[in-house]
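Data first, discussion second: the structure below is written as C-alpha cells.
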Amino acid sequence: MHESQGRQPDASFDFDGEYGADYRALARRVIPAYDQIFKIGLAALRGVVPREAEVLVVGCGTGAEMVTFGRAEPAWRLTGVDPSAQMIDLARRALEEAGLRGGHTLHRGFVDELPVDSTFHAATIFNVMHFLPDDGSKLSLLTSVRARLRPGAPLFLFDLGGDPDSVEFAELHGAWERFMALNGFDGADRDQFLGRLREGMHYVSPARTETLLAAAGLCGITMYFTAFLYRGWRARRAPEAGST
Ligand SMILES: C[S@@+](CC[C@H](N)C(=O)[O-])C[C@H]1O[C@@H](n2cnc3c(N)ncnc32)[C@H](O)[C@@H]1O
C-alpha cells in the first residue's frame, strides 16, 4: 500500500516511544530557529493562500505547526498527518489546549491514504524528510503530497541535509554540536542523541533534494532558509499540468 513512503523512521527515532514524548523540549535545544521556522512558514503562506485555505501538515508531530498556523489564521482548515499514534495524540491535545480543535483534521497514517483530489492550497513537511531513506521513500512522499496540492500551490520543506563525506558537512556538524552545547544540551544526553543521528538520519545533498523535488513534479524550487545542516526549501505544483 505504502511500501516506500510508509516507512517510518529507524528505531533510533521511535516517535511512539520515549523519544516522541520528549520531542518538543529536545527540538527547542537542537534545532536552530525551532518555533521561528513555523512563523517563517506562516509568513510565507499568509496572504498567498486564500482566507479559508486548506493546508496539509505532513508529519505534524506534537502539533507545533498546526497550533502556530491555527492561532494566527483561524479560518484555515488544517489537516495533520502522522503515522505515530503518540504524536497524533499529542497534537490533538495541543490543538485542544489552544482552543483549536474545530475544523481541523488529524489523520494517523500516511499521505497516500488521503483522497487524491488536489484539495490543498499549501503543504508543509517540517523535520520529516531526513528520516526517510533515499530508496524511493523521499520521492514517494513528495509525489504523494504534490498530487494533493492544487495547481500552483506551494510546498515548504525544512530538514537536515548535506553530503556526509564532505569537509563542509563535518565543519557544519561540529558547529551544530557547539550550538547544542550553547543551549545547555551537552554531555551524555547529547552523545546519545548524536548516536541516534548517526544511525537514523538519511542525509542527501542540496543538489539531490532539488532533483527529488523536480522528479516529484514540483517547480519554482528555492532555498528559503539555512542554518548548519538545516535547510528550508520552497517549491510549488506547476500551475497547469505539464507546465513548469
Ligand atoms: C521530528 S517530528 C517533526 C514534527 C513537527 N513537524 C515538528 O517539526 O515539530 C517527525 C514526525 O514525522 C512523522 N513521520 C515519520 N514518517 C512519516 C511519514 N512517512 N509521513 C508522515 N509523517 C511521518 C513522525 O512520526 C514524527 O511525528
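What follows is calculated from the coordinates using simple rules that are stated; it is not laboratory data. The shown structure was predicted, so the numbers you read here are calculated from the model rather than taken from an experiment. When we count neighbours, we look across all protein chains shown, and the Cβ atoms used for this are built from the backbone with ideal geometry, even at glycine.
Just to be sure I understand: of the beta bridges DSSP finds with both ends in the chain, what percent are antiparallel, rounded to 5? Could the numbers behind the result be given before it?
Working: 14 of 32 bridges.
Beta bridges within the chain, antiparallel portion: roughly 45 percent.
When every alpha-carbon pair in the stretch 57-156 is counted, what percent end up more than 16 Å apart?
On the way: 2694 of 4950 pairs.
Result for the distance tail: 54 percent.
Over the stretch 146-198, how many percent of alpha carbon pairs lie in each 10 Å bin up to the one with the longest distance?
Histogramming the stretch 146-198 at 10 Å steps yields 19, 36, 21, 19, 5 percent.
Seen from all sides and averaged, what is the projected area of the convex hull of the Cα atoms in the stretch 119-244, in nm²?
Working: hull surface 32.6 nm².
Taking the Cα atoms of the stretch 119-244, their convex hull projects to 8.1 nm² on average.
In square nanometres and to one decimal, what's the mean projected area of the convex hull around the Cα atoms of the chain?
Result: 12.5 nm².
What does the helix-only formula give at 222 nm for the chain: each DSSP H stretch with n ≥ 4 adding -39500 (n - 2.57), the total divided by the residues, and the result rounded to the nearest 500 deg cm²/dmol? If you can, show how the numbers build up before the last one.
Numbers: 8 runs with 97 residues, N = 244.
It lands at -12500 deg cm²/dmol.
Dividing the Cα convex hull volume of the stretch 18-116 by residue count, how many Å³ per residue is that?
Working: hull volume 10.0 nm³, N = 99.
Convex hull of Cα atoms, per residue: 101 Å³.
With 10 angstrom as the radius, rank Phe15, Phe185 by how many other C-beta atoms surround their C-beta, starting from the fewest. Before the final figure, lay out each step's value.
On the way: Phe15 22, Phe185 17.
With the fewest neighbours first, Phe15, Phe185 line up as Phe185, Phe15.
Could you go through the stretch 112-124 in sequence order and give the Karplus-derived ³J(HN,Hα) for each residue, using 6.51 cos²θ - 1.76 cosθ + 1.60 with θ = phi - 60°, rounded to whole Hz, and x for Gly and Pro?
Result, ordered by residue: 6, 8, 7, x, 8, 10, 6, 6, 8, 7, 6, 9, 10 Hz.
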